[in-house]
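The block underneath contains the structure these notes are about, expressed in structure tokens.
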Amino acid sequence: MSESKRYFLELSYKGTPFHGWQIQENAFSVQECIESAMSTFFRVPMVVVGSGRTDTGVHAKMQVCHFETDLPFEKEKFLKAINGILPKEIAIHSIREVKSDAHARFNARWRSYVYRIVFRKDPFLDELAWRCFYNPDIEAMNKAALYLLDFEDFECFSKIKTDVKHFRCQIKSAYWEQKEDELLFHITANRFLRGMVRTIVGTLIEIGYHHRPVEEMKQIIMDKQRVNAGKAAPAKGLYLSKIEYSSEIYLD
């Protein structure tokens, strides 16, 4: 019997038809689809572990998961076959062998999200962006976003019912970018809480529409009360965009 090897898969998905990444009872998830396709390919039950969860309706331009197998296979044939089995909303882009103790979740150094806002009706973007009717004050939102870099406890932006042991996150960058007819919010951190990015976006948009002063962002974070933050932005505009790992974990 050959020795088991561990692999990282890089993939993307349109989150619209899924109840998030994680397997759950009576719900259609991305993880379930991938495990089912993998089990079909290898003809044995397979388990994949993701870099983290995405909520219902959230998309991923880059997600990473790992799996183990002692079965021999050719990578190119695997990629063609697995993409043929998976639904059109999920695509596996690459497979790389990693060290036996490499972990898609625990070895992730930084995670990045992008939130996408559009201002005109577009049938091709209806499920892929949040349409707002008025342009917000981007300068005010960027000033407010800078407060995120001064703190580590973000309980105020987390969903109330969650199983985390703490609410600390190290945010590396957070800013808005105007790009043609779109407004993009970029945020990078070592970890994110459930619903965190969408609530940050919703709060910043309220500041951008001058419903709250810029300085209120600081007080919201310090108070640690979810009720004080804004309404969460719709899931359809959120994308997991990048997962960063040390190159040392890869074997090919």
task: Could you grab me the full set of residues in the stretch 24-44 that are β-branched (Val, Ile, Thr) and in a helix (DSSP H, G or I)?
output: Val30, Ile34, Thr40
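Just for the stretch 58-88: of the residues that are in a helix (DSSP H, G or I) and basic (Lys, Arg), which one is farthest from the chain's Cα centre (by Cα)?
Residue satisfying both the conditions and the ranking: Lys77.
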message: Condition check: out of contact with any helix residue (DSSP H, G or I) (no Cβ under 7 Å at 6 or more places or on another chain) and assigned to a loop (DSSP other than H, G, I, E, B). Does Leu184 satisfy that?
response: no
field: Hits in the stretch 127-146 (condition: within 21 Å of Val58 (Cα to Cα), touching a residue at least 40 places away in the same chain (Cβ under 8 Å) and either touching a Leu at 6+ places or on another chain (Cβ under 6 Å) or not aromatic (Phe, Trp, Tyr) (or both))
entry: Glu127, Leu128, Ala129, Cys132
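A quick yes/no check of all residues on (1) farther than 15 Å from Thr54 by Cα; (2) surrounded by fewer than 17 Cβ atoms within 10 Å (Cβ to Cβ); (3) touching a residue at least 24 places away in the same chain (Cβ under 8 Å):
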site	(1), (2), (3)
Lys161	yes, yes, no
Phe192	no, no, yes
Thr203	yes, no, yes
Lys218	yes, yes, yes
Ala229	yes, no, yes
Ile243	no, no, yes
Asp252	yes, yes, yes
statement: Exactly one of Phe67, Phe78 is surrounded by 18 or more Cβ atoms within 10 Å (Cβ to Cβ), modelled with pLDDT of 95 or more and of a type in the set (Phe, Trp, Tyr), and that one is Phe67
field: Boolean, Met38 is surrounded by fewer than 20 Cβ atoms within 10 Å (Cβ to Cβ) and either outside the structural domain of Leu193 (by TED's automatic domain parsing) or in contact with a His (Cβ under 9 Å, 6 or more places away or on another chain) (or both)
entry: no
task: Tell me, please, whether a residue that is in the same structural domain as Met222 (by TED's automatic domain parsing), of a type in the set (Ser, Thr, Tyr) and in contact with a Ser or Thr (Cβ under 8 Å, 6 or more places away or on another chain) can be found in the stretch 140-157.
output: no
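Does Glu248 satisfy the criteria of being surrounded by fewer than 23 Cβ atoms within 10 Å (Cβ to Cβ), part of a helix (DSSP H, G or I) and not assigned by TED's automatic domain parsing to the domain that holds Cys156?
On the way: surrounded by fewer than 23 Cβ atoms within 10 Å (Cβ to Cβ): yes; part of a helix (DSSP H, G or I): yes; not assigned by TED's automatic domain parsing to the domain that holds Cys156: yes.
Taking the combined requirement at face value, the residue satisfies it.
The values are calculated or read from the model by the stated rules, or taken from the named source; none is laboratory data. Here the structure is a predicted model, which is why all the values come from computation and not from measurement. Reconstructed Cβ throughout: ideal geometry from the backbone, glycine too, with neighbour counts over all protein chains shown.
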